[in-house]
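The next block holds one structure in the form of structure tokens; read it before the comments.
The values are calculated or read from the model by the stated rules, or taken from the named source; none is laboratory data. Since this is a predicted model, take the numbers as computed values, not measurements. Here Cβ is always computed from backbone atoms with ideal geometry, including for glycine, and neighbour counts include all displayed protein chains.
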Amino acid sequence: MIQRNALRSWVRLCADVEVILFGDEEGAAEIAGELGIRHEPSVERNAHGTKRLDAMFARAQAVARHDVLCYVNCDIILPADFSAALERVKAAHTRFLMVGRRWDTDVEAALDFAAVDWGARVKRLAQERGVQQPGWSVDYFAFRRGLYAEMPALVVGRVWWDHWLVWKARDAGADVVDASRVVTAIHQNHNYGYHPAGAHGVWNDEQARQNFALAGGRGHLFTIDDATHILEDEGEHGNWRRHWAPYWRRVRPAIVPAWFAIMDATRPLRSAVGLRTVDARRSR
């Protein structure tokens, strides 16, 4: 259901959108035929059988009809505001990477795409009941063909590959545009059942460590906070916070555990006054 919701939202982004679905998992060929999208079942994998990002990027840049591409995880719903933002970024930048923070949201049923206001409905659900994640959660990457001509053999389904993509764009001299304030990218909450150790394994297993090494270590791992520009309804401006981002990455490992310890310790008090954890997370 999650993947179908995502794919159905993508094919409605604009009249001439091309969707390329990678992978030979059960149901992939069927949904590709149903939606009339391009299916690439053959994907290079590492020794563990996990899909390699570099192979997918190379293939997509070789066969795509359009000069602007976007890699997006197959649990992300993209409403029409994504296309509007991308048009603005394309017009303002020659070399760019557009990224944005996602909204973690419980989506419990297939969306009714026959409804004219389906986009407004799901955006309202995300903004009223979801939580917008911080800058280290990156799930879509829009760029012009050729920006990622060479990539290490990073794999998806683990961490660090997304942060490398942001670093690489900055290293290549591209403008990195944070569209979080104008794009409601909806991440449909799910478990990590594909890994025997769950989310802990995704962050800490051998393949995660390999991704870290292939990326070149912490100096080659950027987040949305490192964006050079911020896109807003009123226009676009520089992101002064990018100068602080490297220092925040150094202190975050110490601050974040302390923050959650404070949250745990004050939970009874906050519950007594009616301040739920999710409200605090939204405020932060």
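Figures for the structure shown
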| item | result |
| --- | --- |
| Output for region 65-97, where each listed residue is among the polar types (S, T, N, Q) and within 18 Å of the chain's Cα centre (by Cα) | Asn73, Ser83 |
| Number of positions in region 61-73 that are in a loop (DSSP other than H, G, I, E, B) and in contact with a Leu (Cβ under 7 Å, 6 or more places away or on another chain) | 0 |
| Close pairs from region 26-40: first farther than 16 Å from Arg12 by Cβ, partner part of a loop (DSSP other than H, G, I, E, B), Cβ under 7 Å, at least 6 apart | Ala28/Pro41; Ala29/Pro41; Arg38/Glu18; Arg38/Val19 |
| Arg102 vs. criteria touching a His at 6+ places or on another chain (Cβ under 9 Å) and touching a residue at least 40 places away in the same chain (Cβ under 8 Å) | yes |
| Residues (crowded, with 18+ Cβ neighbours inside 10 Å and basic (Lys, Arg)) located in region 52-82 | Arg52 |
| Candidates Leu7, Leu21 - the one that is part of a strand (DSSP E or B) and in contact (Cβ under 8 Å) with a residue 12 or more places away in the chain | Leu21 |
| Qualifying residue in region 205-214 (condition: surrounded by 13 or more Cβ atoms within 10 Å (Cβ to Cβ) and closer than 24 Å to Ala6 by Cα) | no |
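Here is a yes/no grid of residues against (1) of a type in the set (D, E, K, R); (2) closer than 15 Å to Met56 by Cβ; (3) modelled with pLDDT under 95; (4) assigned by TED's automatic domain parsing to the domain that holds Gly157:
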| position | (1), (2), (3), (4) |
| --- | --- |
| Trp10 | no, no, no, yes |
| Cys14 | no, no, yes, yes |
| Leu21 | no, yes, no, yes |
| Glu26 | yes, no, yes, yes |
| Glu30 | yes, no, no, yes |
| Gly36 | no, no, no, yes |
